[in-house]
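One structure is given here, and the rest of the page talks about it.
Just so it is clear, none of the values below were taken in a lab; they were calculated from the coordinates. What you are looking at is a predicted structure, and each value in this text was computed from that prediction instead of being measured. Every residue, glycine as well, gets a Cβ built from its backbone with ideal geometry; the counts of neighbours run over all protein chains shown.
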Amino acid sequence: MSDAAEELRWRLQQLQSRFTWKLEEEDLQLDDLSRQLEHDIQLELGQRGATAHYCRLLAYVRYLQVRPQEALALLSQSEDRTRECYGEDSERRLIVTYGDMAWMHYHHGDHKQAESYCSRVQHTLEKHPSGSSEFLPEVFGEKGWTFLKFSKSLYPAAIQCFRDALKLQPDDWEWNTGLAIALYRTEPQPAVLGTSPEESPATQQLRRALKFCPDDGVLLALLALKLQQQHQHHEAEVLVEKALVGPNDDQVIRYVAKYLRLQDQLDQSIGLLLRALKGSSQSAFIHHQLGLCYLRKKKNLLSIKPKPEKEVQRWRRLSIHHLEEAVRLKNGLNSAKADLALQYAEESDLKRAQEMFDDVLQQLEEEPPSIRQSMSRCYAEFCHYHSIQKDTAISFYKKALEFSTNTSDGKHCVKKLKMMAERRLRNNPADGASYGILGYVARAEGDYRRAARFYEDALEREPQNTEFLSILCELRLQLD
């Protein structure tokens with residue numbers, strides 16, 4: 001490599017660019033990302049400057065898909081849209097775009113153009129006192145949005161980027177919005193709903209972001225969902241009504257529809273989602289939400305006697321259709337895959353169900369706690385009722401309780417484990433394992449005294465069981 005080539009390579013590595021941010025290709029679902037970004041660009045979703053940003057992200061995806069001409073065209077389109085949107089303030093926002101262009105031309109073998117874009121970045125930086133793109137809030141923000149869009153594994157890094165941007169511009173609406181959305185996506189559901197006296201960091205940041213964008217429908221809907229968790233239903237309903245007053249935004253509709261589904265207002269939720277689907281048929285989120293609504297419709301019929309089989313089948317088939325579409329559009333949507341696999345089992349397609357479960361269980365530990373709990377519950381149901389693997393079912397019902405007993409999935413698993421243990425004890429009162437199951441449930445619920453009694457009963461029947469003995473010792477220490 002010549003000295004000039006080495007120097008160019010060094011200059012490129014100093015740039016703030018998606019090519020220098022260590023975006024590991026194996027972490028990215030390129031086909032899913034491509035469809036999602038094309039959909040967002042087509043509908044021009046998001047706030048000011050969002051479409052230009054989606055073009056930049058899609059350009060990088062096109063580069064990874066070895067479609068360099070499309071990538072360069074998208075970067076040029078992004079530059080034009082950025083200038084239209086921000087005018088004289090666009091220069092700082094183009095630093096990362098120029099960095100991407102420099103790398104694109106370099107990989108395409110056009111070193112002269114790569115040099116030119118490196119110089120444009122340098123020229124822009126010389127006009128600003130920081131002297132380095134590393135310390136510009138626009139660069140932190142661009143990096144945060146990229147991480148937030150590209151992979152769940154990058155969400156913590158996105159949070160840090162938005163926080164770094166806010167250190168420099170505390171009242172910027174965009175960085176406040178980005179931090180609010182990132183915190184919302186990463187914050188676990190509280191173990192016991194409605195009991196925390198203090199609002200969570202995500203809730204607080206959503207309120208702060210709304211001070212700068214009081215009519216932002218997405219922020220309003222996300223805050224409503226957080227308040228719903230806290231049982232602050234009156235304020236949540238006010239926020240939802242306000243969110244729906246704004247422009248007919250697909251993103252707003254899908255979050256409001258989720259809120260309505262969780263309130264069991266299924267017909268209203270389905271109506272909103274079907275309306276959004278007319279102009280947004282390529283939205284995995286909308287298809288997933290519709291699938292969940294139809295599953296809830298089906299579940300509500302199961303308590304009716306005699307069970308209306310035709311209606312149950314109708315809702316199941318509709319849920320399968322929309323869950324299949326969601327998975328087709330976003331292959332990494334593992335929670336939808338788990339629900340879909342269980343519906344295949346109910347349709348007696350056990351081979352297909354097992355294959356899909358085998359796929360999602362390989363990725364179980366990579367999911368956030370609420371998704372892991374839902375996936376574990378689905379597989380436990382499959383083993384319990386369809387593949388008749390009772391011990392495996394118990395194992396996955398218990399795994400679901402590692403996260404919480406107070407969610408709908410957690411309460412369901414508690415009920416099933418108690419039912420299975422009590423049934424086994426009716427058949428065999430000397431079954432120590434059944435007392436161990438009841439002890440596990442009581443411990444998960446936080447009732448350590450009752451749990452200790454169950455483990456004492458279990459040890460009476462299985463005195464050599466070291467697992468029961470170890471857990472009982474832990475419980476006695478906690479009680480002391």
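Quick check on packing: order 171-183, 412-424 by the mean number of other C-beta atoms within 10 Å, highest mean leading.
171-183, 412-424
Pop a pseudo-label 7 angstrom from the Cα along the beta-carbon direction at both residue 245 and residue 38 and give the gap in nm to one decimal.
Distance between label points: 3.8 nm.
What is the dipole size for segment 237-380, taken about its Cα centre, with +1 at each Lys and Arg Cβ and -1 at each Asp and Glu Cβ, in debye to the nearest 20?
500
Tally Lys and Arg at +1 and Asp and Glu at -1 over the other residues with C-beta under 11 Å from the C-beta of residue 105: what net charge comes out?
Counting the neighbours of residue 105, the net charge comes to -2.
For q = 0.11, 0.12, 0.14, 0.21 Å⁻¹, what log10 I(q)/I(0) does segment 3-135 give under the Debye formula with an equal point scatterer on each alpha carbon and no solvent?
Values returned for q = 0.11, 0.12, 0.14, 0.21 Å⁻¹ are -0.39, -0.46, -0.64, -1.34.
Once both axes come from the Cα atoms, what is the angle between helix 155-168 and the longest principal axis of the chain, in degrees from 0 to 90, rounded to 10?
50
Which net charge results when you count Lys and Arg as +1 and Asp and Glu as -1 among the other residues whose beta-carbon is under 14 Å from that of residue 268? Walk me through the numbers before you get to the answer.
Details: positive: 254, 258, 261, 275, 296, 297; negative: 237, 241, 264, 267.
Neighbour charge sum, excluding residue 268 itself: +2.
I'd like to compare 26-32, 94-100, 315-321, 472-478: which one has the highest average count of other Cβ atoms within 10 Å, and what's the full order after that?
Packing order, densest peptide first, comes out as 94-100, 315-321, 472-478, 26-32.
Excluding same-chain residues fewer than 8 positions from residue 226, which lysines have a Cα within less than 22 Å of its Cα?
Residue 226 reaches 149, 152, 211, 242, 258, 411.
Ranked highest first by the average count of other Cβ atoms within 10 Å around their residues, in what order do 260-270, 432-442 fall? Numbers along the way, then the final one.
Numbers: 260-270: 16.6, 432-442: 22.4.
In descending order of packing, they fall as 432-442, 260-270.
Please give the helix 334-346 orientation as an angle from the longest Cα principal axis of the chain, in degrees from 0 to 90, rounded to the nearest 10.
It works out to around 40 degrees.
With a sphere of radius 10 Å drawn around the Cβ of residue 212, what net charge do the other residues whose Cβ falls strictly inside it have (Lys, Arg +1; Asp, Glu -1)?
Result for the local shell: -2.
Quick one: Karplus J couplings for segment 367-378, per residue in order, coefficients 6.51, -1.76, 1.60, θ = phi - 60°, nearest Hz, x for Gly and Pro?
Couplings: 8, x, x, 5, 6, 4, 5, 4, 5, 5, 4, 4 Hz.
Taking the chain as the reference, fit the longest principal axis to its C-alpha atoms, fit the long axis of helix 137-150 to the helix C-alpha atoms, and give the angle between the two in degrees, 0 to 90, nearest 10.
40
Using the charge dipole of segment 34-175 (Lys, Arg: +1 at Cβ; Asp, Glu: -1 at Cβ; taken about the Cα centre), state which of 59, 155, 124 has its Cα farthest towards the positive end.
Highest projection toward the positive end goes to 155.
If the only charges are +1 at each Lys and Arg Cβ and -1 at each Asp and Glu Cβ, what is the size of the charge dipole of the chain around the Cα centre, to the nearest 20 debye?
Rounded to the nearest 20 debye, it is 1800 debye.
Under the Karplus relation 6.51 cos²θ - 1.76 cosθ + 1.60, θ = phi - 60°, what is the ordered set of whole-Hz ³J(HN,Hα) values for segment 398-404, x standing for Gly and Pro?
Rounded to whole hertz, the list is 5, 4, 5, 7, 5, 9, 5.
Go through segment 48-57 residue by residue and turn each phi into a ³J(HN,Hα) via Karplus (6.51, -1.76, 1.60, θ = phi - 60°); whole Hz please, and just put x for glycine and proline.
So the Karplus estimates, Gly and Pro as x, are 3, x, 5, 5, 4, 5, 4, 4, 5, 5 Hz.
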